Amino acid sequence: MATTPTPSSAARDRDAEILGRGEVNDLEAIISVANTDVTEAIHTVSDNADAIFTWDYEKGARPALNKLYEKAKHSQWNGETDLDWSIEVDQEKFAQAVSEMRRAGLAEKGISLAGTPFASWGDKEWTALSMESQNWSLSQFMHGEQGALLCTAKIVETVPWIDAKYYAATQVMDEARHVEVFAKYLDTKLNGHYPINAHLKMLLDDIINDSRWDMTYLGMQIMVEGLALAAFGMAHQTTPDPLLKQLLRYVMGDEARHVAFGVLSLKEFYDGLTDAEMLERQEFAFEAAVRMRDRFLQQEVWARMGIDVKEAVKMFDVSAEEKNKDPFQQLLFSKIVPNCKKLGLLDANDGWLRKRFDTLGVSQFEDWVDTGEEYELLDEVSKDRDAATGS
């Protein structure tokens with residue numbers, strides 16, 4: 001059986017500097033990070049960027065971006081009228097089915113609940129856990145979409161090309177719509193939302209705080225949006241709720257364009273960077289990948305359920321070696337890795353990022369289709385309109 005590569009001591013030291021902890025999989029350090037202002041309605045981050053005007057108004061100077069812009073204009077949708085909000089959502093019924101699968105999976109793995117806080121749980125508690133987990137997951141999607149809203153507004157302000165400004169302006173509208181529909185679904189179809197996860201919050205803060213326009217692209221368009229696109233795809237396949245399924249279909253179509261925007265814009269820019277500049281981007285991508293992975297421990301759910309996070313992780317999590325082989329966790333990176341490869345980030349500097357992705361167990365996706373080529377296949381709005389008109 002293949003084992004996860006072990007980084008050298010020098011690599012571990014550098015990883016510690018980037019992540020702020022000694023080991024990538026240090027559970028104590030991961031769960032010690034908590035959101036300390038959950039009752040605050042406003043969160044302020046310094047945006048250290050220059051606003052850039054361009055007096056070059058030649059539309060289409062970058063044909064791939066112009067094509068994306070035209071596609072975005074055609075594929076706008078209205079969250080109020082294009083989704084059927086009259087559909088009743090029986091979250092408890094759906095959660096019962098999920099909880100049964102969860103318990104079956106534990107039994108299949110031979111995991112005993114004896115002597116754990118879960119030993120006394122019945123159907124009620126397991127169903128409640130499934131409901132809380134769904135609320136938590138969709139809440140983090142919603143918070144991430146607001147992060148994308150702010151980041152894309154920043155891209156309009158900071159990117160130097162008119163074609164990119166035009167497209168980014170359409171994405172600002174997309175992201176506002178995404179925040180709107182996730183918030184409405186959580187507050188009217190489920191039973192409210194969770195505060196932002198601390199690891200996601202740290203990542204969004206870092207992306208917004210960085211003064212370099214391409215880092216906003218890399219952190220949001222490639223990393224955060226790339227993982228979201230994969231996560232939405234899995235949620236779309238597994239949810240039995242027709243309203244959520246339709247919501248996710250339309251959001252995924254937008255997200256594919258957003259990731260493609262990052263790929264198409266950064267490919268040109270990264271081709272001109274030095275090795276030292278590329279290493280900075282590789283390190284940023286690695287940190288973003290780990291931050292996003294860390295948030296899936298969902299410690300906020302365990303706290304709300306009255307379960308010690310360490311106890312929960314022992315039960316539902318596994319060793320770092322096995323976790324990095326988890327198909328679900330790996331698939332979350334299925335959009336990120338091929339896009340990083342297309343940008344030259346995997347193999348620059350003697351494969352620095354490739355080695356880190358090897359330790360996370362996700363390098364096998366490098367030859368999957370990149371989103372710069374895939375986005376037109378995911379235009380669900382256009383598909384539905386064509387079907388409605390018979391074209």
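The values are calculated or read from the model by the stated rules, or taken from the named source; none is laboratory data. Note that the structure is a prediction, hence the values are computed from the model and not measured. Quick reminder, even Gly has a Cβ in these numbers, built from the backbone with ideal geometry, and neighbours come from all protein chains shown. These area figures cover heavy atoms from the full protein model, side chains too; ligands, DNA and RNA do not enter into them. Shrake-Rupley method; radii C 1.70, N 1.55, O 1.52, S 1.80 Å.
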Out of the residues in the stretch 351-383 meeting the condition of being in a helix (DSSP H, G or I) and of a type in the set (A, V, I, L, M), tell me which one is surrounded by the fewest Cβ atoms within 10 Å (Cβ to Cβ). Leu377
Consider Ile30 carefully, then state whether it is closer than 30 Å to Arg304 by Cα, open to solvent by less than 70 Å² (accessible area, probe 1.4 Å) and in contact (Cβ under 8 Å) with a residue 12 or more places away in the chain. yes
Cβ-Cβ under 7 Å, sequence separation 6+ or interchain: first residue in the stretch 256-275 and within 18 Å of Lys154 (Cα to Cα), partner part of a loop (DSSP other than H, G, I, E, B). Which pairs? Val259/Lys335; Val263/Leu343; Val263/Asp370; Leu266/Leu343
Output the number of residues of the stretch 103-116 satisfying the condition of being open to solvent by 60 Å² or more (accessible area, probe 1.4 Å) and modelled with pLDDT of 85 or more. 1
Any residue at all in the stretch 105-124 that's closer than 18 Å to Arg304 by Cβ, of a type outside the set (Lys, Arg) and assigned to a helix (DSSP H, G or I)? no
Can you list residue pairs whose Cβ atoms sit under 6 Å apart, with the first residue in the stretch 69-91 being closer than 30 Å to Asp163 by Cβ and the second being among the hydroxyl-bearing types (Ser, Thr, Tyr)? Count only pairs 6 or more apart in sequence or on different chains. Tyr69/Tyr166; Tyr69/Tyr167; Ala72/Thr170; Ser75/Ser382; Trp77/Tyr250
Of the residues in the stretch 210-254 that are out of contact with any His (no Cβ under 8 Å at 6 or more places or on another chain), among the acidic types (Asp, Glu) and open to solvent by less than 20 Å² (accessible area, probe 1.4 Å), the one that is farthest from Leu378 (Cα to Cα) is Asp214
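To keep it simple, each residue is scored yes or no on (1) in contact with a Leu (Cβ under 7 Å, 6 or more places away or on another chain); (2) surrounded by 18 or more Cβ atoms within 10 Å (Cβ to Cβ).
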residue	(1), (2)
Leu138	yes, yes
Phe141	no, yes
Gly147	yes, yes
Cys151	no, yes
Lys154	no, yes
Glu175	yes, yes
Phe182	yes, yes
Thr188	no, no
Pro195	no, no
With (1) buried (at least 16 other Cβ atoms within 10 Å of the Cβ); (2) at pLDDT below 95; (3) of a type outside the set (Lys, Arg); (4) in a helix (DSSP H, G or I) as the list, and Asn66 as the residue in question, which single condition is left unmet? (2)
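Yes or no, residue by residue, for (1) closer than 25 Å to Met223 by Cα; (2) in contact with an Asp or Glu (Cβ under 8 Å, 6 or more places away or on another chain); (3) crowded, with 21+ Cβ neighbours inside 10 Å; (4) at pLDDT 80 or above:
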| site | (1), (2), (3), (4) |
| --- | --- |
| Glu283 | yes, no, no, yes |
| Arg293 | yes, no, yes, yes |
| Trp302 | no, yes, yes, yes |
| Met305 | no, yes, no, yes |
| Met315 | no, no, no, no |
| Glu322 | yes, no, no, no |
| Leu332 | yes, no, yes, yes |
| Lys335 | yes, no, yes, yes |
How many of the residues making up the stretch 43-59 are out of contact with any Pro (no Cβ under 8 Å at 6 or more places or on another chain) and farther than 19 Å from Leu150 by Cα? 5
